[in-house]
Amino acid sequence: MAAISATGMHGVRIYGAASGKETAMLRLEAAGALDASAEDAEQVRIGNFVPKYGPDITEHTLPQETQQLHAVHFQKGCYLGQEIVERIRSRGHVKPAADGFSL
């Protein structure tokens, strides 16, 4: 099974000492790996609809709006907004606005 990177595509992040970066990059490129810039990764992330905290997710965003329910543990802990998050999960939907429109 291939790893899924933060962009939503197959890939990996490699961590190591900065002093070994050049050698590691040469070896990886020789093996066929492609180096991606931060801009490349951002384009792929957006193209794959993977939200990022800050530009896409704020403290006012519900997990159901971000498709990030895997990050919520429903059996433990207390957190701000827990009641509404659980209500949406248990009912399976958000209550429509009285005028039929929702934001």
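The values are calculated or read from the model by the stated rules, or taken from the named source; none is laboratory data. A quick note: this is a predicted structure, and the numbers were derived from the prediction, not measured. Backbone-built Cβ (ideal geometry, glycine too); neighbour counts: all protein chains shown. What goes into the accessible areas is simple: the full protein's heavy atoms, side chains included, and nothing from ligands, DNA or RNA. Shrake-Rupley method; radii C 1.70, N 1.55, O 1.52, S 1.80 Å.
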Exercise for review: Can you confirm whether region 71-88 contains a residue that is touching a strand residue (DSSP E or B) at 6+ places or on another chain (Cβ under 9 Å) and closer than 30 Å to Gly11 by Cβ?
Suggested key: no
Review point. How many residues are hydrophobic (A, V, I, L, M, F, W, C) and either touching a helix residue (DSSP H, G or I) at 6+ places or on another chain (Cβ under 7 Å) or under 17 Å from Ile88 (Cβ atoms) (or both) if we restrict to region 33-59?
Key: 1
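Inspect region 55-63 for any residue being touching a Gly at 6+ places or on another chain (Cβ under 8 Å) and in a loop (DSSP other than H, G, I, E, B) and give the result as yes or no.
Yes: region 55-63 contains one or more residues that are touching a Gly at 6+ places or on another chain (Cβ under 8 Å) and in a loop (DSSP other than H, G, I, E, B).
Do you know which residues across region 77-93 are open to solvent by less than 100 Å² (accessible area, probe 1.4 Å) and assigned to a loop (DSSP other than H, G, I, E, B)?
Gly77, Tyr79, Gly81, Gly92
Scan region 39-54 residue by residue and report those that are surrounded by fewer than 11 Cβ atoms within 10 Å (Cβ to Cβ) and assigned to a helix (DSSP H, G or I).
Residues of region 39-54 that are surrounded by fewer than 11 Cβ atoms within 10 Å (Cβ to Cβ), as a first pass: 39, 49, 54.
Result: Glu39, single match.
For Ala97, are the conditions met, namely being assigned to a loop (DSSP other than H, G, I, E, B), under 13 Å from the mean Cα position of the chain (by Cα) and modelled with pLDDT under 80?
Answer is no for this residue.
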Point to revise | Residue that is nearest to the chain's Cα centre (by Cα), among those in region 60-81 that are small (Gly, Ala, Ser) and closer than 22 Å to His93 by Cβ | key: Ala71
**Study point:** Candidate set from region 39-59 (those that are among the charged types (D, E, K, R) and over 15 Å from Gly11 (Cα atoms)); member that is farthest from the chain's Cα centre (by Cα)
**Key:** Glu39
Check your understanding: Counting just the residues of region 10-38 that are of a type in the set (Asp, Glu) and in a helix (DSSP H, G or I), which one comes out farthest from the chain's Cα centre (by Cα)?
Key -> Glu22
